[in-house]
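Notes follow the structure.
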Amino acid sequence: MANSSDPQILADQVKQFARSLGFDLVGIASADPPAHRDYFRQWLDSGQHGTMRYLAARFDERTDPRHYFPGAKSIVCVALNYAVPLQPVPDADRAHHGRVARYALGDDYHDLMKDRLHQLADFIRGSFGGQTRAGVDTAPIMERELAGRAGLGWVGKNTCIIDPRIGSFILLGQVLTTIELAPDAPMTDHCGTCTRCIDACPTAAITGPYQLDARRCISYLTIEHRGEIDPDLRPMVGDWLYGCDICQDVCPHNSKLPAATGPALQPRFPTGSLDVREVLKWTDEEYRERLRGSAMKRVKLPILQRNARIVQENSQK
C-alpha cells in the first residue's frame, strides 16, 4: 500500500496543484544530467551561440541540474500556452508595420511565470518538505531538453518543444526539488518526414533537423545581437521588428491552437505589430511608456530602432 511518501502520489499532487495555478502542461523529470551535454559543448565551441556568452559562462550548472542545485532529485516542468488570435493589419498600413513575436505581445512572461512557479515551490516545500528552486529561461537550465524528458512534448526539428494538443507556442518553467517525485515518460517524436520549418526559415538558421545556428536566427539578430546586422542577412529579416515566429507558424501542429486565456497574455498590440514609422520617432520616455511591463524591453530603444530601419528598408524593395 502506497503511503504519503510514495513518489507517484507526491507527483500526482504536485501536478494537480500546478494545473490549479493555470499551467497548461506539467510533467516530472529526474535531475539527471541532460543527454546532449556533448552536443551543447560542440555547439558552443563552434560559436553558434553568437554573442550570447551567458550560455557558456555557467556550462557545468547548465548541463547538470545537481551542480546548479545540489541535492536536487526531481524537476517539475510546466508550460503555459501563449497563442493569441491577432487582428489583420489594414492594407494601407501593412508596408509600415513590423511584426513582434507572439511571446512578447502580452505582459512580461518572466513575471507571470515566476509568480506561479514560486507558488508551486511554496506548495512543494509546505506539503512535503525539502528544498526548491524555481527557474524560467534566465536560469542556467536546459529547459527544452528537460521539458521533453518530462513528457511535455518533443523537441521538434525547429528546436522548439511541441505538444500535439497545444502546439509549440508555450512558455516553459521549472521547479527543482530535493523531494523524489515519480518521473514521466518522454513523448514520441511526431515530426516525421516534415521539413516545413527548415524550408521556411528565410536565413537558413535551421541548418538541419534539430539543429539551429543562432547567429542566423531572426530572433537572435533582432533581440540578442547588439551590433549592426550583416548586410547579407538584413533583407531576410523581412518585416520582423522583434523576434520571429516563422518556424512555428508553418508547423502543422500549430494549425489549430486553443487560444491563451488570462489578461496578462493578451496582446497589447492587437495586430501583433507596430508601425515602424512611429517607433523611429519614439523618445526614451515614449519607449518606456509603450513597453512598460513588456518582455520587449529586453532590447533598448537604439536596437529597436535599428530593427525598425531594417523593416522600413525591406518594405521599400
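The values are calculated or read from the model by the stated rules, or taken from the named source; none is laboratory data. Small disclaimer: the values here were computed from a predicted structure and weren't measured. Reconstructed Cβ throughout: ideal geometry from the backbone, glycine too, with neighbour counts over all protein chains shown. We work out accessible area using only protein heavy atoms, side chains counted, and drop any ligands, DNA or RNA first. Shrake-Rupley method; radii C 1.70, N 1.55, O 1.52, S 1.80 Å.
What the table below lists for this structure:
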| item | result |
| --- | --- |
| Residues R268 and A35, FRET efficiency given R0 of 45 Å [Cβ-Cβ distance, rounded to 0.05] | 0.70 |
| Equivalent-ellipsoid semi-axes of the range 135-190, from the Cα gyration tensor, Å, largest first | 19, 14, 9 |
| Amide H contacts under 5 Å for T207, placed H, 5+ residues apart | L212, D213 |
| Kirkwood Rh (inverse of mean 1/r, distinct Cα pairs), the range 225-317, angstrom | 15.0 Å |
| Rg to Rh quotient for the range 175-291, alpha carbon positions, Kirkwood Rh | 1.04 |
| Cα-only Debye scattering, the range 1-154: base-10 log of I(q)/I(0) at q = 0.10 Å⁻¹ | -0.47 |
| CD proxy at 222 nm, helix term only [per DSSP H run n ≥ 4: -39500 (n - 2.57); per residue of the chain; nearest 500] | -8500 deg cm²/dmol |
| Those residues of the range 211-237 whose amide nitrogen sits under 17 Å from the label point placed on K317, 7 Å along Cα→Cβ | 216-219, 221-222, 228-237 |
| Accessible surface of D32 - all protein chains present, 1.4 Å probe, nearest 10 Å² | 70 Å² |
| Those trypsin sites (Lys or Arg not before Pro) in the range 57-92 that DSSP places in a loop and that have at most 14 other beta carbons within 10 Å | R58 |
| Cys residues of the chain counted as unpaired, since no other Cys beta-carbon is under 4.7 Å | C77, C160, C191, C194, C201, C217, C244, C251 |
| Of the trypsin sites (Lys or Arg not before Pro) in the range 202-246, those whose Cβ has at most 14 other Cβ within 10 Å and which sit in DSSP loop | R226 |
| With all protein chains modelled, accessible area of S20 [1.4 Å, Å²] | 80 Å² |
| Overall dimensions of the chain by Cα: Rg and Dmax, Å | 20.2, 71 |
| Stretchable slack from D230 to R288, in nm (0.36 nm times residue separation minus alpha-carbon distance) | 18.1 nm |
